[in-house]
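This report refers to the structure that appears directly beneath it.
The values are calculated or read from the model by the stated rules, or taken from the named source; none is laboratory data. Note that this is a predicted model, so its numbers are computed, not measured. Reconstructed Cβ throughout: ideal geometry from the backbone, glycine too, with neighbour counts over all protein chains shown.
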């Protein structure tokens, strides 16, 4: 009349609850690692984007600066495309230069400091040669 029910044995197929929980834990760890990598990649992409925009604006500012012989004022400042800039012209100081040497050229240091909308200042040091008045 009644048929006996089959009892699970070692040959039965399927996962136990412990195996399923271990697999789920491994999946959560892997997905959280992938999420962390994605977030850091997204932040790095944003940094590169801002850096490229800053470099393009620096190129525009440098292209708009006066020529070599027109930089008589040692300090200039202005604003271009939302970027504040300051240009300082100073004598180039180095130990290998003789201060009283008679040469047709004199080195100068140009320091261009740019502060963009992000607030981080960028500074560029440029050395240029200027013809001395005596030659």
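Yes or no, residue by residue, for (1) surrounded by 12 or more Cβ atoms within 10 Å (Cβ to Cβ); (2) modelled with pLDDT under 80; (3) touching a strand residue (DSSP E or B) at 6+ places or on another chain (Cβ under 8 Å); (4) outside any loop (DSSP other than H, G, I, E, B):
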| position | (1), (2), (3), (4) |
| --- | --- |
| 101 | no, yes, no, no |
| 108 | yes, no, yes, yes |
| 112 | yes, no, yes, yes |
| 117 | yes, yes, yes, no |
| 123 | no, no, yes, yes |
| 134 | no, yes, no, no |
Check your understanding: Is there a residue being modelled with pLDDT of 80 or more and over 24 Å from the mean Cα position of the chain (by Cα) anywhere in segment 57-76?
Key -> yes
